[in-house]
Amino acid sequence: MTGAMGVAIVTGASRGIGRAIAAGLAATGYRIIMSYRDRDGQANDLVEKIRTSGGEAIAVRADVGLPAEADALVRTALHRFGQVDVLVNNAGVHFPGVPLAAVRWEDWERILQVNLSGPLRLIQAVVPHMRERRHGHIVNISSNVSQRLPAGSGPYTVSKVGLEALTRTLAKEEGPHGIRVNAIAPGPIRTDMLEESLKVMGPEGSEVFIRSVPLGRAGRPEEIASVVVFLVSDAASYLTGQVIYVNGGGPGG
């Protein structure tokens, strides 16, 4: 099923990549359940834009790092729309610029909770429903750091490497049930998260980093959204268990 009357859950959708993904899927006809943690105004603004364009969307406040709230998000989707065709695990947190030896334990746990355990919890909540219908798409948003392994982003990198392993394993387990599972690993994309990382690098380091991308620029959130739309379409019907790097050729550093 592509688009019309399908239902997609997109986590962390009030801003950045998640917002672009929710808008992109809505434009193809998906009804959207978007989660956000603390940006009511931005989340409600996107819902209104989707509805004004003739789509259907609801925003649900949920911290996907908390098991009860992740479960409630899926229950809300099933109660409201009766089905879930697409799950996009996009919500993520990071605390850049801290060496692993100095990472606070609470920060380590929080990153793994949101970036890795949260997606698994949501997957466990939607898979029984998808199995029953023998149809479903799961897209996990990873990061180019899983290849680069940069200093100062240890916990975030570990969480994304784990998410890619989860993606590949889950694809093998759920393929026989009609569920396709893929991941997208963005490079530097113009979001608040990138701006935080560039701030840590400083002006000179930031310029060198962006120049190291073969295409010579940071990407746009819409350039990730378009790949998500492709992955959940019939055009990608034989594609599962893949990690697709959308990174302008790959930054160095």
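A residue that is among the charged types (D, E, K, R) and closer than 21 Å to LEU194 by Cα cannot be found anywhere in the stretch 40-62.
If you go through the stretch 226-240 and keep only what is in contact with a Leu (Cβ under 9 Å, 6 or more places away or on another chain), under 14 Å from ALA22 (Cβ atoms) and part of a helix (DSSP H, G or I), you end up with VAL228, VAL229.
Name the residues in the stretch 201-238 that are of a type in the set (A, V, I, L, M, F, W, C), touching a residue at least 40 places away in the same chain (Cβ under 8 Å) and surrounded by 15 or more Cβ atoms within 10 Å (Cβ to Cβ), would you?
Those that are of a type in the set (A, V, I, L, M, F, W, C), touching a residue at least 40 places away in the same chain (Cβ under 8 Å) and surrounded by 15 or more Cβ atoms within 10 Å (Cβ to Cβ): PHE209, ILE210, ILE224, ALA225, VAL227, VAL228, VAL229, LEU231, VAL232, ALA236.
Mind counting the residues in the stretch 239-249 that are surrounded by 15 or more Cβ atoms within 10 Å (Cβ to Cβ) and under 15 Å from GLY187 (Cβ atoms)? So the count comes out to 6.
Name every residue in the stretch 156-187 that is basic (Lys, Arg), surrounded by fewer than 18 Cβ atoms within 10 Å (Cβ to Cβ) and either under 19 Å from the mean Cα position of the chain (by Cα) or within 13 Å of LEU120 (Cα to Cα) (or both), in order of residue number. If the condition is that a residue be basic (Lys, Arg), surrounded by fewer than 18 Cβ atoms within 10 Å (Cβ to Cβ) and either under 19 Å from the mean Cα position of the chain (by Cα) or within 13 Å of LEU120 (Cα to Cα) (or both), then ARG168 is the only one that fits.
If the condition is being farther than 23 Å from PRO119 by Cβ and surrounded by 15 or more Cβ atoms within 10 Å (Cβ to Cβ), then the stretch 50-62 contributes ILE50, GLY55, GLU56. Residues that are closer than 30 Å to GLY178 by Cα and touching a Lys or Arg at 6+ places or on another chain (Cβ under 9 Å) do occur in the stretch 211-222. Exactly one residue out of GLU222, GLU207 is modelled with pLDDT under 95, acidic (Asp, Glu) and part of a helix (DSSP H, G or I): that is GLU207. ALA183 satisfies every condition listed in (1) more than 24 Å from THR11 (Cα to Cα); (2) in contact with an Asp or Glu (Cβ under 6 Å, 6 or more places away or on another chain) except (1).
From the list ILE50, ILE21, which residue is in contact (Cβ under 8 Å) with a residue 40 or more places away in the chain, in contact with a strand residue (DSSP E or B) (Cβ under 6 Å, 6 or more places away or on another chain) and closer than 17 Å to ALA225 by Cβ?
Values: ILE50 fails: in contact (Cβ under 8 Å) with a residue 40 or more places away in the chain.
Of the residues listed, the single one that is in contact (Cβ under 8 Å) with a residue 40 or more places away in the chain, in contact with a strand residue (DSSP E or B) (Cβ under 6 Å, 6 or more places away or on another chain) and closer than 17 Å to ALA225 by Cβ is ILE21.
So that you can scan it fast, the table gives a plain yes or no per residue for (1) buried (at least 21 other Cβ atoms within 10 Å of the Cβ); (2) part of a helix (DSSP H, G or I):
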{"site": "ILE9", "(1), (2)": "yes, no"}
{"site": "GLY18", "(1), (2)": "yes, yes"}
{"site": "ALA23", "(1), (2)": "yes, yes"}
{"site": "GLN42", "(1), (2)": "no, yes"}
{"site": "GLU48", "(1), (2)": "no, yes"}
{"site": "VAL64", "(1), (2)": "yes, no"}
{"site": "LEU73", "(1), (2)": "yes, yes"}
{"site": "LEU87", "(1), (2)": "yes, no"}
{"site": "VAL93", "(1), (2)": "no, no"}
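Whether a residue is surrounded by 18 or more Cβ atoms within 10 Å (Cβ to Cβ), farther than 22 Å from ARG31 by Cβ and not basic (Lys, Arg) was assessed, and GLN124 does not pass this test. As a summary of the residue check, SER153 satisfies the conditions (1) crowded, with 21+ Cβ neighbours inside 10 Å; (2) modelled with pLDDT of 95 or more; (3) touching a Pro at 6+ places or on another chain (Cβ under 6 Å) except for the one numbered (2).
Just to be sure before I move on: is ALA185 in contact (Cβ under 8 Å) with a residue 12 or more places away in the chain, closer than 23 Å to ARG37 by Cα and touching a strand residue (DSSP E or B) at 6+ places or on another chain (Cβ under 7 Å) in the structure I sent? Walk me through how you get there before you give the answer.
Details: in contact (Cβ under 8 Å) with a residue 12 or more places away in the chain: yes; closer than 23 Å to ARG37 by Cα: yes; touching a strand residue (DSSP E or B) at 6+ places or on another chain (Cβ under 7 Å): yes.
So ALA185 passes the test.
The set of residues from the stretch 56-96 being among the acidic types (Asp, Glu) and farther than 19 Å from THR28 by Cβ comprises ASP63, GLU69, ASP71.
The values are calculated or read from the model by the stated rules, or taken from the named source; none is laboratory data. Here the structure is a predicted model, which means the values were calculated and not measured. For neighbour counting, all protein chains shown are included, and Cβ atoms are generated from backbone atoms with ideal geometry for every residue, glycine included.
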